[in-house]
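The values are calculated or read from the model by the stated rules, or taken from the named source; none is laboratory data. A quick note: this is a predicted structure, and the numbers were derived from the prediction, not measured. With ideal geometry, Cβ positions are generated from the backbone for all residues, glycine too; neighbour counts draw on all protein chains shown.
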Amino acid sequence: MSTESPFKSARLPALPLFVAPDAGTCCGTRAAVRGDIEETWVGRDGSHLLLRPVCPADIARSRSFLRGLSYGARYFRFGRGDFQFAEAELQGLCDPDPHECTEFIVLAQAGGEAVEIAAARYCIEPDGMSCEFALVVTDAWQGSGVGRRLMKALIRHARSRGLKTMYGQILATNTRMLEFAQGLGFGVEASAHGPAVRLVRTALSSATLEA
Ligand SMILES: CC(C)(COP(=O)(O)OP(=O)(O)OC[C@H]1O[C@@H](n2cnc3c(N)ncnc32)[C@H](O)[C@@H]1OP(=O)(O)O)[C@@H](O)C(=O)NCCC(=O)NCCS
């Protein structure tokens with residue numbers, strides 16, 4: 001059952017090291033258009049992490065990931081702490097039209113299973129030049145550098161397809177995200193949604209991509 005969110009940012013309706021079965025093997029026919037960003041690294045607890053585009057086979061793990069988010073993480077990501085996706089919205093999230101939205105997820109290998117721990121997406125505006133991003137990292141993994149990796153992947157991907165500007169709508173109380181965005185080169189502006197929401201925006205040519 002879906003609970004309408006007043007804050008549908010990013011157009012929400014929303015390696016060999018890595019050996020968990022099926023973790024890196026989906027993406028299907030749209031993969032070529034989605035782009036080929038894929039990264040693996042070892043997380044702070046020694047677990048193997050994989051960043052790759054989302055795909056339709058990710059529905060079950062995406063459902064678990066979203067259900068597992070705390071009230072606070074949901075609130076900052078979706079504008080409502082009790083936000084839930086309808087099944088059709090979840091399917092749409094896991095199978096975005098690559099000409100419109102691109103989403104990357106991060107999977108952690110846990111006991112032979114690939115568990116989703118973070119997701120980030122951008123959606124292209126009708127002007128074809130700018131895009132809106134949104135992301136969320138599961139609570140237990142926040143502060144581990146996962147969000148930064150995801151943002152860099154989004155920026156790199158958007159830049160490589162010729163987009164000029166990236167922006168995000170951030171609740172004004174989300175100081176952590178505002179600081180995080182500024183650290184990546186985004187400026188903070190007023191939004192059309194009043195003082196409760198701030199707009200962070202960057203020219204993709206100037207966004208920070210260094211380590
Ligand atoms: C905001 C968010 C995406 C950041 O992702 P993250 O994986 O926790 O961030 P990282 O570990 O990559 O850290 C990046 C920066 O965030 C800031 N940060 C991270 N953990 C922090 C903490 N506990 N307190 C304050 N700032 C923190 C720091 O500036 C950090 O930079 P540093 O590496 O130089 O210290 C994550 O906290 C989150 O999912 N929040 C809930 C959803 C949300 O707010 N989404 C944004 C709206 S679209």
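When F133 is tested against (1) in contact with a Gly (Cβ under 7 Å, 6 or more places away or on another chain); (2) under 17 Å from L50 (Cβ atoms); (3) buried (at least 21 other Cβ atoms within 10 Å of the Cβ), exactly one condition is not met: (2). So, L178, is that one within 22 Å of H99 (Cβ to Cβ) and within 11 Å of the ligand (Cβ to nearest atom) or not? Answer is no for this residue. Where helices (runs of 4 or more DSSP H) fall entirely within segment 38-119, those with at least 3 residues that are within 14 Å of the ligand (Cβ to nearest atom) and of a type in the set (F, W, Y) are at 71-78. Just one of the listed residues (L178, L199) is under 21 Å from D139 (Cβ atoms), in contact with a strand residue (DSSP E or B) (Cβ under 7 Å, 6 or more places away or on another chain) and surrounded by fewer than 19 Cβ atoms within 10 Å (Cβ to Cβ), and it is L178.
What number of residues in segment 181-211 are polar (S, T, N, Q) and closer than 25 Å to H99 by Cα?
Residues that pass the stated criteria total 4.
Collect the residues in segment 181-196 that are aliphatic (A, V, I, L, M) and surrounded by 15 or more Cβ atoms within 10 Å (Cβ to Cβ), keeping them in residue-number order.
Passing the criteria: A181, L184, V188.
For (1) at pLDDT below 95; (2) on the phi > 0 side of the Ramachandran plot; (3) in a strand (DSSP E or B); (4) in contact with an Asp or Glu (Cβ under 9 Å, 6 or more places away or on another chain), each residue gets a yes or a no:
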position: L150; (1), (2), (3), (4): no, no, no, no
position: Y167; (1), (2), (3), (4): no, no, yes, yes
position: A181; (1), (2), (3), (4): no, no, no, no
position: E189; (1), (2), (3), (4): no, no, yes, no
position: V200; (1), (2), (3), (4): no, no, yes, yes
position: S206; (1), (2), (3), (4): yes, no, no, no
position: L209; (1), (2), (3), (4): yes, no, no, no
